[in-house]
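Notes follow once the structure below has been shown.
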Amino acid sequence: MSLIDTQNFNITCGECAHQFSQSVGDLKLNDRMTICPECGNSHQLDKAGFEAAVAEGEKQIEDLQAKVRSVGENLFKGGN
Ligand SMILES: [Zn+2]
């Protein structure tokens, strides 16, 4: 399981406008199906849109990890 799978998508139900969140991992497992906990309405997220959002999220996580690594390296150099 990658880090992105633990991130949540904020979803607004198209039927009752209830707002809820579902994790990326859940959405992947369920073929991008969202299920509203309020009214039970299910909706399949657009494949291209979902994949673009996941790719963007993964990129941001990688950037963040790279930043943390470089901060760690600098701290190591500086702290004697
Ligand atoms: Zn709903």
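Here, each number is a calculation from the coordinates, and none is a lab measurement. Since this is a predicted model, take the numbers as computed values, not measurements. Please note: Cβ atoms are built from the backbone with ideal geometry, for glycine as well, and neighbour counts cover all protein chains shown.
With charges only on Cβ, +1 for K and R and -1 for D and E, what is the dipole size of the chain about its Cα centre, in debye, rounded to 20? Don't skip to the answer; put the middle values down first.
Numbers: 7 positive and 12 negative charges, 70 e Å.
Dipole magnitude for the chain comes out near 340 debye.
How much FRET efficiency would the formula 1/(1 + (r/R0)^6) give for S70 and D46, where r is the Cβ-Cβ distance and R0 is 30 Å, rounded to 0.05?
Working: r = 36 Å, r/R0 = 1.19.
So the FRET efficiency works out to roughly 0.25.
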With axes computed from alpha carbons, what is the tilt in degrees of helix 47-78 against the longest principal axis of the chain, rounded to the nearest 10 within 0 to 90?
20
Dividing the mean separation of Cα pairs under 8 Å (6+ apart) by the residue count of the chain yields a relative contact order in percent of 21
Total charge of the residues flanking P37 in space, meaning their Cβ is under 14 Å from its Cβ, with Lys and Arg +1 and Asp and Glu -1, is -3
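Pairs on different chains or at least eight residues apart, Cα atoms closer than 25 Å: how many lysine pairs in the stretch 3-78 fit? Don't jump to the answer; show the numbers that get you there.
Values: K28/K47; K28/K59; K47/K59; K59/K67; K67/K77.
So the count works out to 5.
If the chain between L29 and N8 were fully stretched, how many nm would it gain, using 0.36 nm times the residue separation less the Cα-Cα distance? Provide the component values of the computation, followed by the final result.
On the way: separation 21, 0.36 × 21 = 7.56 nm, distance 1.37 nm.
Full-extension gain reported as 6.2 nm.
Given a cut-off of under 8 Å on Cα pairs at least six residues apart, what relative contact order in percent is computed for the stretch 1-43? Each step should come with its number before you reach the end.
On the way: 57 pairs, mean separation 14.2, N = 43.
Once normalised by length, the contact order is 33 percent.
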Among S70, C13, P37 the positive-end extreme of the charge dipole of the stretch 3-78 (Cβ point charges):
S70
When K77, K59 are ranked with the fewest other C-beta atoms within 10 Å first, the list becomes K77, K59
